[in-house]
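Asks: Structure provided below as structure tokens; questions to follow.
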Amino acid sequence: MAKSYDVVFIGGGHNALVCAAYLARAGKSVCVLERREMVGGACVTEELWPGYKVSTAAYVNSLLRPEIIKELELHKFGFELLPRSPSSFSPFLDGQSLMMGPDKEMTHREVSKFSKKDADALPKYEAMLERCADLIEPTLMQTPPSPWSMRPSDMMHLGKMAWKFKKMGPEGATAIEILTGAARPILDRWFESEQLKVTLATDAVIGAMAAPSMPGTAYVLFHHVMGECNGVRGVWGYVRGGMGGISNAIAGSAKSKGAEIRTNAEVAKVLVKNGRAIGVVLKDGTEIRAAKVASGADANVTFLKLCDEKDLPADFVTGVKGLDYASASLKINVALSELPNFTSVPGAQAGPQHRGTIHISPDMDYIERAYDDAKYGKPAESPILECTIPSVIDKTVAPEGQHLMSMFIQYFPYNVKGAETQEQYDAAKEKFADRCFDILNQYAPNFKKSVINRQVLSPRDIESRFGLTGGNIMQGTMSLSSLAFMRPLPGWAQYRTPIKNLYLCGAATHPGGGVMGACGYNAAKEILKD
């Protein structure tokens, strides 16, 4: 008789692995099924070229919850986070530049080059965000209450949140604006220099099909400051050996507690009997039975591709079909023979300008115009580039003397106007990548000649490679209508689904995207509760 499990997982992304690890620790028999040859979903390391360990999708980390790192003992399984200082470098074509990071004196000095007023305001702005984070951050590791359930526990939870907002006084309104508003007016109120504003604003649009002037981008900006690197808040780090180091460590922790993990095991269907999930069917026809099924895939994949619509309420299916997966993020992974030599901060040897995220975006209107292009189905004429060179800090990810660059770019739409065939779309993608290289070359004239190899991943490539609908790296937009008790749909934010014993445990659930593991942690609590 075929073995059955307490819980079987669809997908081996980092959230599903976290969920599996916690359930295994609680003594449950679990089996993780991953369709690719490696676990991790979009949090992986792949050797695209000999000696290059490439973080093909996610590329830096800060959001992975410290509770998870500690409780799953990830350091025992090879996880190591490498802090970056400075954390960002913004070069400008007039020869000026801005570096920022955990070194407060250095940051004050750098911002003062553009505005003494902004340099003095920045610590106050950061302190304001930290106070908001103190309010919001504890909710990341909590199941969101349902305001419609009328259950005493949910009402109590909502009441506690309301009391916390009240205790914030006038700053409670600030927190609400951050959760609901646009990034640009907030940055305009705090600062006057374009150089500082645009450096901060890129965090508001990265991974989003939005411009900083649009409501919801303030939360995306805030989402990026809630993490920490080795205990220091707001600092992003590289993972030694690439981002797969996170997923492999979580998998190692899960396996040490008895979890079974299978790769090259693609799930084709959720088995449902009398309204209950009883297991899954693999693409090769193998049936795997389980008391409960947890899906790390997004809502579109889980309910519209792996489930039969007749097993779901019609209004729920309509809601899933209406979810927003718009994306215009493109990723280029690049092998380099040498480091970029920036005109504004010259130097071919590794320096502070190479350690953190390199922002290529001259001013706020530049971002708005780039978004305008994508809004009408055109690749941005002047895209926003976020570049990182992990090999400067982590010598294990590239051959000696060579380097590895990640370029995360806004905006290249999922559907390109005039590119009707896949061939035309791929040609547009490569032309866009050439344009990105031309732009970076304006700031570092040796860049193009240093390129040894490149991989270009459009939103469609991200969708097919990592199973992310629309190429949306957050498993659905992170706007107010899709956060907390609205994620993925109102009334279904507590990891359960209309099919009994079928759960969601990926970024489609609260608290959403980013490599934080909180979705898997919260889902595990609810599965154990049931």
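Asks: Report, by residue number, each residue of region 67-85 that is at pLDDT 95 or above and not aliphatic (A, V, I, L, M).
Replies: If the condition is that a residue be at pLDDT 95 or above and not aliphatic (A, V, I, L, M), then Glu67, Lys70, Glu71, Glu73, His75, Lys76, Phe77, Gly78, Phe79, Glu80 are the ones that fit.
Asks: Testing Glu430 on (1) assigned to a helix (DSSP H, G or I); (2) closer than 28 Å to Met100 by Cβ, one condition comes back false. Which one is that?
Replies: The single condition Glu430 does not satisfy is (2).
Asks: Now for a different question. Yes or no: region 78-94 includes at least one residue that is surrounded by 19 or more Cβ atoms within 10 Å (Cβ to Cβ), under 23 Å from Gly234 (Cβ atoms) and among the aliphatic types (A, V, I, L, M).
Replies: Yes, there is a match, as at least one residue in region 78-94 is surrounded by 19 or more Cβ atoms within 10 Å (Cβ to Cβ), under 23 Å from Gly234 (Cβ atoms) and among the aliphatic types (A, V, I, L, M).
Asks: Restricting the first residue to region 29-53 and requiring it to be closer than 23 Å to Gly471 by Cβ, which pairs with a second residue that is open to solvent by 40 Å² or more (accessible area, probe 1.4 Å) and of a type in the set (Ser, Thr, Tyr) meet a Cβ separation below 6 Å and a spacing of at least six or different chains?
Replies: As it stands, the answer is Glu34/Thr263; Glu37/Thr263, since those pairs meet every condition given.
Asks: Suppose we filter Leu480, Leu468, Leu502 for residues that are surrounded by 22 or more Cβ atoms within 10 Å (Cβ to Cβ), over 28 Å from Glu47 (Cβ atoms) and of a type outside the set (Gly, Ala, Ser); which single one remains?
Replies: Within the list Leu480, Leu468, Leu502, the selection yields Leu502.
Asks: Starting from residues that are under 25 Å from Ser458 (Cβ atoms) and either out of contact with any helix residue (DSSP H, G or I) (no Cβ under 7 Å at 6 or more places or on another chain) or of a type in the set (Asp, Glu) (or both), keep the ones in region 210-231 and report whichever is most open to solvent (accessible area, probe 1.4 Å).
Replies: Met214
Asks: Scan region 327-380 residue by residue and report those that are in contact with a Leu (Cβ under 8 Å, 6 or more places away or on another chain) and part of a strand (DSSP E or B).
Replies: Leu330, Lys331, Ile332, Asn333, Val334, Ala335, Leu336, Ile358, His359, Ile360
Asks: Something else now. In region 35-46, how many are under 21 Å from the mean Cα position of the chain (by Cα) and open to solvent by 10 Å² or more (accessible area, probe 1.4 Å)?
Replies: Residues meeting the conditions: 8.
Asks: Tyr371 fails exactly one of the following numbered conditions: (1) open to solvent by 40 Å² or more (accessible area, probe 1.4 Å); (2) under 24 Å from the mean Cα position of the chain (by Cα). What is the number of that condition?
Replies: With (1) open to solvent by 40 Å² or more (accessible area, probe 1.4 Å); (2) under 24 Å from the mean Cα position of the chain (by Cα) applied to Tyr371, the lone miss is (1).
Asks: Within region 475-491, count every residue that is among the hydroxyl-bearing types (Ser, Thr, Tyr) and modelled with pLDDT of 90 or more.
Replies: Matching residues across region 475-491 total 1.
Residues are listed down the side, and each one gets a yes or a no for (1) part of a helix (DSSP H, G or I); (2) touching a helix residue (DSSP H, G or I) at 6+ places or on another chain (Cβ under 9 Å); (3) at pLDDT 95 or above; (4) at negative phi:
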residue	(1), (2), (3), (4)
Ala290	no, no, yes, yes
Ala294	no, yes, yes, yes
Ala297	no, yes, yes, yes
Leu304	yes, yes, yes, yes
Lys310	yes, no, yes, yes
Asp315	yes, no, yes, yes
Thr318	yes, no, yes, yes
Tyr325	no, yes, yes, yes
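The rows are residues; the columns are (1) free of Cβ contacts under 8 Å to residues at least 40 places away in the same chain; (2) surrounded by fewer than 17 Cβ atoms within 10 Å (Cβ to Cβ); (3) at negative phi.
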position: Asp394; (1), (2), (3): no, no, yes
position: Val397; (1), (2), (3): no, no, yes
position: Glu400; (1), (2), (3): yes, yes, yes
position: Met405; (1), (2), (3): no, no, yes
position: Phe408; (1), (2), (3): no, no, yes
position: Tyr414; (1), (2), (3): no, no, yes
position: Lys417; (1), (2), (3): no, yes, yes
position: Leu440; (1), (2), (3): no, no, yes
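The values are calculated or read from the model by the stated rules, or taken from the named source; none is laboratory data. Note that the structure is a prediction, hence the values are computed from the model and not measured. All Cβ positions, glycine included, derive from the backbone under ideal geometry; neighbour counts span all protein chains shown. The area values use the complete protein model at the heavy-atom level, side chains included, leaving out ligands, DNA and RNA. Shrake-Rupley method; radii C 1.70, N 1.55, O 1.52, S 1.80 Å.
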